[in-house]
Every structure is written in structure tokens, then in C-alpha cells.
1. Examine segment 177-200 for a residue that is assigned by TED's automatic domain parsing to the domain that holds residue 282, over 25 Å from residue 39 (Cα atoms) and surrounded by 14 or more Cβ atoms within 10 Å (Cβ to Cβ), and state whether such a residue exists.
2. Looking only at segment 51-65, which residues are more than 21 Å from residue 14 (Cβ to Cβ) and either without any contact (Cβ under 8 Å) to a residue 24 or more places away in the chain or touching a Pro at 6+ places or on another chain (Cβ under 9 Å) (or both)?
3. Does segment 134-178 hold any residues that are without any contact (Cβ under 8 Å) to a residue 24 or more places away in the chain, under 25 Å from residue 189 (Cβ atoms) and assigned to a helix (DSSP H, G or I), and which are they?
Amino acid sequence: MDTENNIEVMTVSSLAGFGISRVCLGIGFFDGVHRGHQRLLESLLAISRELDAVPCALTFFPHPRAILSPGNAPPLLMSPEQKNQKLREAGMKAVITIPFTHEFAELAPDEFIKKCLCSSSVAVAGIAIGTQWRFGRGGSGNLETLKQIGKLRNWRVEAVDELEIDGQTVSSTAIRRAVAGGRLVDAAAMLGRGYSLLGTVRHGFKVASRELSHPTANLEIRYGILPPDGVYGAVAIFDGMRHPAAVNIGLCPTYHRSGSEVRVEVHVLDYYGDLYERQIELEFLSYLREERTFAGSAELKAQIAADIEQIRKLL
């Protein structure tokens, strides 16, 4: 049986092409793959061992609200690629991503089950879901619906309670709110790891290299929530290595260059290579100070040097 955990498909049936014939499925959107999700996946791994089945995650893209209520869609905490990687790290041998469309949203619960979970070539032995998970048209299917159908099909259905930390239910929404409010410690507690952003390095104004002697990478962010404007100590991750970094989020007021566009600029300590068009993951460690307007380059340069010294002590 080929169970290398880098398999990404769009249907349960497609798993047969990888030698997988019996699975347990963890179902959810899994944005952030936070500690609540991790609890569900741990339950799935346990029943997979009991039932001698391959643990797989079944998820969806884009977010349902991006289709059903585009103006109200939440910004995602991570890209689909990052999510799939975190699911693999949690022990999933395959990730099944079902495209969420208007037609898909109109499926009745029994149609959803037939389309998503039933296969003539791959047997479903067990399913793990959150107790609040809903499926089918208008969210009309729930845990009891799935248990009833599972009983008929001989599926073991495990419901996993939501996780609470200090009275706060762990959820993707709660993590978004924590990051947007600058509560990175709370976000990290819910994620089970430091909060991070993934971006691609684009060309900037080159002021940091020319006038400040501290070259910065201007990051274009597609997924994730920006913390409040300010300067942060962080770790920049690329090429499989972790580098200490200073991050400025804001409007670059000293040079009045960006107008109303919030920029994410990263200075990787003691790194002198070319980063243009590279992907960098930023793991935030600590808030250092607010973004300020300085009298000129010399004053800003001195403050940057002080920030870097503080980051070195932090790490």
C-alpha cells in the first residue's frame, strides 16, 4: 500500500490510484490547523489504527462564505499549500480537497454523503468531525444525520468536542481576532505554534539598502491576517532554515512613500543573499514598538540598530 503522505486529490475514489483502499476521514475546512483541529486529527489517527485504515483529511476550497457571501468571506489564515503541509505534519497520509461551488452548496445532506464519501473503490471505515460541523444545503446535515447514515453504511463516526483555552473556544475566527488585535501570545496558544505569515518578496523603494544600511525584503502577502502596525521580532523561514528578523508593518511614514498601502518589510539579520521573488514565512515572536515618524535617516538608522539588538537578545 502506497501511503506516502504527500498525496493530494479531489475525490475519495482517486485514492485508489495510490494503492489506498480503506480510509478514515477527518472532515473540516481546517483553516490554520489549530489545536482544535489537531485534537480532531489525533482522534482520527487513533481510530485509524484501531480500524486498520489510512488516515486522510477531507477539506474544501474556497471557503464556503467566499461563494455564498463573497462580501463577508473571512481572510484565510494560511494558503491551501500551507494547510495541506500542516495536515501532513499532523499525520494525514492524503488530503482530499473538494471544490466548493454554488452547485455543491445546493446538495442535500444525503447527496453530499453520496458525492463526497461514497466510493466503489475506496472503503470508508471511520469519520471524525467536530460536534458543531454542518453539511449539505443550508447546513441542514449535522452530527446526528451523519451518525444515522454511518450506522447504515457501517461507518464509525467520532464526534470531537470543541477545545477551550481559558474559557475561549479555539477557532479560526478567534485566532483571526487575536492577531488583528495584536494578541499574538493568545493566537500562538490556540495554534499550538507561533503565528506566521507567508509572502513573496517583491521590489520595494530600496531606501533601506541605500540610506539605512539595513536592506529589507518587501513581502507581498496573499493569505493571513496582518497584526497591528508596528515593529516585531520574528523568525524568517526559507530554504529550510530559520533566520532572526526584524519586521515593520505599516505605512513607512518617515519617507511618505506608500500612501495608504500597508507594507510588510523584513530585515533578515546577517543575511546578504538575493531574496527577490522568493517565498518567506514569517513567524512572529514579539511586538517591539509602534511605527514612528523619524526626523531623518540618521535617527531611523539608530532606532533600527537598537531594534536589531533587542531582537538578538530576544532570540
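1. For segment 177-200, residues assigned by TED's automatic domain parsing to the domain that holds residue 282, over 25 Å from residue 39 (Cα atoms) and surrounded by 14 or more Cβ atoms within 10 Å (Cβ to Cβ): present.
2. 63, 65
3. Correct list: 174, 177, 178.
Listed here are the residues, each with its yes/no results for (1) under 21 Å from residue 150 (Cβ atoms); (2) in a helix (DSSP H, G or I).
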{"position": "25", "(1), (2)": "yes, no"}
{"position": "31", "(1), (2)": "no, no"}
{"position": "44", "(1), (2)": "yes, yes"}
{"position": "48", "(1), (2)": "yes, yes"}
{"position": "59", "(1), (2)": "yes, no"}
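The values are calculated or read from the model by the stated rules, or taken from the named source; none is laboratory data. All values derive from a computational prediction rather than experimental measurement. Glycine gets a Cβ as well: all are built from the backbone with ideal geometry, and neighbour counts include every protein chain shown.
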